[in-house]
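Heads up: the structure comes next, in structure tokens.
The values are calculated or read from the model by the stated rules, or taken from the named source; none is laboratory data. Since the model is a prediction, treat every value here as computed from it, not as a measurement. Cβ placement follows ideal geometry from the backbone for every residue including glycine, while neighbour counts extend to all protein chains displayed.
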Amino acid sequence: MDVSQYLEIFLDETDENLQNLNTQILTLEQEPENGECIQEIFRAAHTLKGMAGTMGFKRMQNLTHDMENVFSEVRDGNIKVNSDMIDTLFHVLDALENYTTVIRETGDEGTEDNATIIKKLNDILENKGAPAADGGDSAPQAGGEEASGDKEEEKQASSGESWKDIKLDESQREVIAASMKDGRKVVGLTVTIQSACVLKAARAFMAFKSIEDAGGEIAVSSPSSQDIEDEKFDFEFSLIVVGDVEFDELKKGIMEISEIESVTGGVMTADMLGTKEETSEAEAAPAAADGKLQTAQENKPAPAAAGAAKGGQAPAKSGDAKKGGKTVVNHTVRVDIEKLDVLMNLVSELIIAKNSLVSASNVEGEQNSAVNEQVEYLESVTTSLHESVMKVRMVPIESVVTRFPRMVRDLSKKLGKPMELYMTGEETELDRTVVDEIGDPLMHLLRNSADHGIESAEVRKERGKPETGSIYLDAYQDGNNVVIEVRDDGNGIDTEAVKNKAIERGVVTPEQAAVLSEKEAIALLFEPGFSTAKVVSDVSGRGVGLDVVKSKIEALSGEVEVKSRYGEGSTWIIRLPLTLAIIQALMVIVGEEKYAISLGSIVTIEDVQDSDIKLVQNKEVINLRGSVIPILRLRDILETPTPPKEGSNMVVIIVKKGDLQAGLVVDELIGQQEIVIKSLGKLTNRAKMISGATILGDGEVALILDTNALF
């Protein structure tokens, strides 16, 4: 059977299980007696083992099998959790992540056996005197703690008779009867899949292939093969097989498939076929005469997933698989991000078309109330459609930050500094394209806090701080932006050390350093290759990190701000737009050209007199409600050839970047508009103040100003 069609599902499920294992093992390190956590780790390891076995990744399967053995003993109370075990488990997770990376790149798991890690797992078993060979095999047969408690009940309820309850139509009975007359064997089977299995359909079709390889022909399947492919069944299906095959041979082949719990059945006889026909007709009559029986069956509650293998429910499940499928509904669907990109592009084009229609309907002398009414309705619908598509593209940043507690834990051990990471706002949502890009910047900031920020336990004790340092990762939504803060209660930034390093590297002269403000000194840290570390290590010191953070965040139309107090700690603040595709913008005119400025960066719009402009250090500023704000004339920055309009008043747009503000002088305001951002490609990389372009309703192209680059 070709299982390559399940590769993407396998990778997605593996990533989720590895994230879950990381979280659970970190919890287990803090709470070694947490039984629920131990059970969850066992289940995740069991699921990974089964998935890897189904896909044919034997090395990955062997590693997770040994991990499962260890936790079978831990769950039974034969082994106690200790720090050495936790370290080994994290090594296992690293190895599994490496397997996943190789599989994603090549489609194969590679040749690394991880014998050293497997030996450590077996040593954990042997040193505690627990059996290594069978330690993890009894529990998987039960599919977890919940199923094992009901094992005897399942055997009594099922007794392997589900295949006898398959309802046959006239043609099926004729085919089976003819096969019996020809002397061919007819075997009935009921196959039960373990309740912890994720890829049920894959297991079922592997069973089909095993039967075909043994020379059998599947005459009847209940549920149907289509329902099995669509996973519209619980954890049990029944088959009638025709051919020169024995039941024991079929059972042996199917039981070799991973995560098959049991195979029961026997040889069908002509008497059984006759009984089946009579039973089928007897059951069909009242169903046809009165729909109450069918309604009553539909209203029966579906069995829970963990206990779905109970044989007592088999007739209801096999006789009406589609009803069972309706009761167990999956409310989520995996969608490739490229498909969402296509959908977003179509919505973008629709918005451009809507803007064109609005522009055309506003032509003087051609206004029509009915047309205007429909245009307003179209505008409302497209706005709602845009918001819906954006919500589909939004994902929690939890998918990125769940790996950071493990990283901080490893850094704490490597650096010999006790520290804890506290996270809030993991449910905060961002556009998928933004979430995919913020992982590295956040990782750099956390490593920076761990290495440069948090002091040693001795120093912290001398300063009257707790010996364990604290790092905080907070995320929250602020208007049309998402703010992510990384802060610590460590040493803070020594601006004098930064200035001395800058002088040493020739970035600034001693005279320039003497007049640098604290913010300007901190800004030097973002220079490429700049580092204050005295020793180069595998954690930091090479001068890469903060410059990457700045370039990555600014490429996402975001900004980075730093606040620090020496001896008390630092806060790194990242502001990101919710989306990079469609934004609300203020349209302005400078010279004869139209430009767009994102509303997210605008504070206010002011009407300023020429006489209000003052000169400070030969630069134009205004005093706005007690704040001195520098003035930037866009005509000069954009090198507009036409002369400025005459008049004593100027339109000034006050924009912000963190705590900084500036006033942009424009010639004229057009108004607010929803615009679609179009990339200008690599040819315009030198024009730092331009972040893209948009198509207006009249077909004209307007450039989008990046106000962050103007500061």
For region 232-251, how many residues are outside any loop (DSSP other than H, G, I, E, B) and under 16 Å from T190 (Cβ atoms)? 10
Say whether the condition of being part of a helix (DSSP H, G or I), touching a residue at least 24 places away in the same chain (Cβ under 8 Å) and not assigned by TED's automatic domain parsing to the domain that holds G50 is met by at least one residue in region 183-196. no
Does L586 fit the bill of being closer than 24 Å to S348 by Cβ and at pLDDT 85 or above? yes
Does region 419-426 contain any residue that is out of contact with any Leu (no Cβ under 9 Å at 6 or more places or on another chain), outside the structural domain of Q672 (by TED's automatic domain parsing) and modelled with pLDDT under 85? no
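Residue-by-condition table, conditions (1) of a type in the set (D, E, K, R); (2) over 19 Å from K656 (Cα atoms); (3) surrounded by fewer than 22 Cβ atoms within 10 Å (Cβ to Cβ); (4) in the same structural domain as I677 (by TED's automatic domain parsing):
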site	(1), (2), (3), (4)
W572	no, no, no, no
I589	no, yes, yes, yes
Y595	no, no, no, yes
I602	no, no, yes, yes
I605	no, no, yes, yes
V608	no, no, yes, yes
K614	yes, yes, yes, yes
Just checking: which of the helices (runs of 4 or more DSSP H) contained wholly in region 464-530 hold 2 or more residues that are aromatic (F, W, Y) and either at pLDDT below 85 or under 30 Å from M419 (Cα atoms) (or both)? none
Please give the helices (runs of 4 or more DSSP H) falling wholly within region 1-110 in which 1 or more residues are in contact with a Cys (Cβ under 9 Å, 6 or more places away or on another chain). 7-30, 35-55
Scan region 443-478 for residues that are crowded, with 22+ Cβ neighbours inside 10 Å and under 30 Å from N345 (Cβ atoms) and jot them down. A475
Got a sec? Which strands (runs of 3 or more DSSP E) wholly within region 582-632 have at least 2 residues that are over 45 Å from the mean Cα position of the chain (by Cα) and over 30 Å from M394 (Cβ atoms)? 602-609, 614-616, 619-624
Please indicate, with yes or no, whether at least one residue in region 63-84 is more than 21 Å from L28 (Cα to Cα) and not assigned by TED's automatic domain parsing to the domain that holds I257. no
Hits in region 606-616 (condition: β-branched (V, I, T) and under 11 Å from M650 (Cβ atoms)): V608, I613
Restricting to region 495-532, name every residue that is more than 37 Å from the chain's Cα centre (by Cα) and in contact (Cβ under 8 Å) with a residue 60 or more places away in the chain. T495
Residue list for region 246-287, filter: at pLDDT below 70 and of a type in the set (K, R): K276
So the check is Cβ under 6 Å with 6+ separation or different chains; which pairs have a first residue in region 668-681 that's under 21 Å from L634 (Cβ atoms) and surrounded by fewer than 13 Cβ atoms within 10 Å (Cβ to Cβ) and a second one that's β-branched (V, I, T) and at pLDDT 85 or above? E668/I589
With (1) at pLDDT 85 or above; (2) buried (at least 22 other Cβ atoms within 10 Å of the Cβ); (3) not hydroxyl-bearing (S, T, Y) as the list, and L199 as the residue in question, which single condition is left unmet? (1)
Close pairs from region 328-354: first more than 27 Å from E674 (Cα to Cα), partner at pLDDT below 75, Cβ under 7 Å, at least 6 apart: V328/A302
If you scan region 45-54, which residues turn out to be surrounded by fewer than 24 Cβ atoms within 10 Å (Cβ to Cβ) and of a type outside the set (S, T, Y)? G53
Do the conditions hold for A95, that is, is it surrounded by 18 or more Cβ atoms within 10 Å (Cβ to Cβ) and closer than 27 Å to V408 by Cα? yes
Out of the residues in region 665-692 meeting the condition of being of a type in the set (A, V, I, L, M, F, W, C) and modelled with pLDDT of 80 or more, tell me which one is nearest to M344 (Cα to Cα). I675
If you check A178 against the conditions, is it at pLDDT 80 or above, outside any strand (DSSP E or B) and closer than 26 Å to A52 by Cα? no
